[in-house]
Amino acid sequence: MEENLRELRVSNDAMNDPDELRRRLADEGYLFFKRLQNPDKMLALRREMLTVMQKGGWLIAGTDPMDGIADVTRQCTEGDPEYTDVYHEVYKLESFHNSAHWPEIMEMVAKIAGRPVMPHPQKIARLWFPKYTEHTTPIHQDFVHFQGNFKTYTCWAPVGDCPIELGGLAVLKDSHKVNKVMDHHFSLGAGALCINTDELDGEWYSTNYEAGDTLIFEALMVHKALPNYTEDRLRVSLDNRYQAIGDPIADHMLDPHLNIFNQLNWEAVYRNWKSDDLKYYWQKLDNPVVPRDFSYSNKGFEEALELGRSGDERALIHLRRIVKRDPTTPQAQAAQAVLEAV
Ligand SMILES: O=C(O)CCC(=O)C(=O)O
Ligand SMILES: [Fe+2]
């Protein structure tokens, strides 16, 4: 279990005071609200998402999907084809995309930003298996993944209660004050990039989250997920991103999440939607689109090759995952060469 975690400061008292919200965000690097989002809506979303996961075989058959009781033999994560097979079925849910546009979250982010905001088209859910802890999201800043501009607001919210042992999000207080993108290195966990702990100091903050609770921070804030140490429960959470309309957005954030692994496109996502209101909503908004900078992920991959050559087991797992996904890509071929050599 995590040692020395401190309790997130709750900012519900300042919910109607934008200046105070901005002060706290600038000072501590995060804002945390109890039940910012309607818990009943969040729990209804939980039922829908977990029902899809149960159909995909991830939950024990016959159990209540609300309990999220995982079939641990199905463990997989981002980058595995088995992960996207089920995740992308969840991704097609209209209600999942709608949830990023709920007024309570949109209004709060607009209040903090002081300008009209929009959620990124690329919505993100994390579906985390128990006892798969070496794949836990490592320490990082979001900018290396999402880019665009530093004033991007990550809103992390569990879909259902998320006590510490289920592996919620933790932030390193004050870490945003480095005011730059830190060096990131190869990691086996989600996103495959991490900051080394010897470059950091400060205290980690998290909480026993309840449905509706929401944590908000900007792109340079250092954070990580806690490991899911439960016996058999899936952790389900949202981490959607918001930005002021008119600020630059990186091109990959206009695509469905993890579509590089299987070419999922918006038409496929939208196939069974009842309403057209949110389809391609961003095309009516004017954001300069900037190309994705691959230097962070390329550097991590080079490190994985290097570590793989020296027999590092985590790097080898990563390289095998890349080859399994699509053996024809240049990265997979470089990975394969290392795997054959060791
Ligand atoms: O939920 C996770 O495991 C990762 C979430 C994260 O890093 C984020 O919300 O930016
Ligand atoms: Fe993150």
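Net charge in the neighbourhood of residue 251 (other residues with Cβ under 12 Å of its Cβ; Lys, Arg +1, Asp, Glu -1) is -1.
Within the straight-line cut-off of under 20 Å between alpha carbons, the lysines reachable from residue 180 are 151, 224, 299, sequence neighbours fewer than 8 places apart in one chain being disregarded.
Of all beta bridges that DSSP places with both ends in the chain, some 85 percent have antiparallel geometry.
The Cβ shell under 15 Å around residue 318 holds other residues with a net charge of -2, Lys and Arg each +1, Asp and Glu each -1. With contacts taken as Cα pairs under 8 Å and at least 6 residues apart, the chain reaches a relative contact order of 24 percent. Calculated [222 nm] ellipticity per residue, helices only, for the chain: -9000 deg cm²/dmol; basis is -39500 (n - 2.57) per DSSP H run with n ≥ 4, divided by all residues, nearest 500. With a 1.4 Å probe rolled over the protein heavy atoms of all chains, the accessible area of 297, 187 falls in the order 297, 187, largest first.
When the surface is traced with a 1.4 Å probe over the full set of protein chains, residue 76 keeps roughly 0 Å² accessible. Taking a sphere under 11 Å around the Cβ of residue 238 and counting the other residues whose Cβ falls inside, with K and R at +1 and D and E at -1, yields a net charge of +3. For GluC sites (Glu not before Pro), the sites in segment 122-213 that DSSP calls loop and that have at most 14 other Cβ atoms within 10 Å are 203. With a Cα cut-off of under 20 Å and a minimum spacing of 8 residues unless on different chains, the lysine pairs in segment 1-133 number 5. If the chain linking residue 245 and residue 326 were pulled fully straight, counting 0.36 nm for each residue of separation and taking away their Cα-Cα distance, it would gain 25.5 nm.
Let me make sure I get this right: for segment 69-194, a, b and c are the square roots of the gyration tensor eigenvalues over alpha carbons, sorted descending. Under 1.5 in a/c it's rounded, otherwise prolate if a/b > b/c, else oblate. Which is it? Oblate, because a/c is 1.5 or more while a/b does not exceed b/c.
Counting 0.36 nm for each residue step from residue 10 to residue 67 and taking away their Cα separation leaves a gain of 17.8 nm. Solvent-accessible surface of protein heavy atoms, probed at 1.4 angstrom with all chains present, puts 171, 181 in the order 181, 171, largest first.
Take residue 136: with every protein chain present and a 1.4 Å probe, its accessible area is about 20 Å². Kirkwood analysis of the Cα pair distances in segment 215-262 returns a hydrodynamic radius of 14.3 Å.
Post the alpha-carbon centroid distance, segment 108-186 to segment 53-103, in whole angstrom. So the separation of the two Cα centres works out to 20 Å.
The values are calculated or read from the model by the stated rules, or taken from the named source; none is laboratory data. None of the values given here were measured: they were computed from a predicted structure. Backbone-built Cβ (ideal geometry, glycine too); neighbour counts: all protein chains shown. Each accessible area value is taken on the protein alone, full model and side chains, heavy atoms only, with ligands, DNA and RNA left out. Shrake-Rupley method; radii C 1.70, N 1.55, O 1.52, S 1.80 Å.
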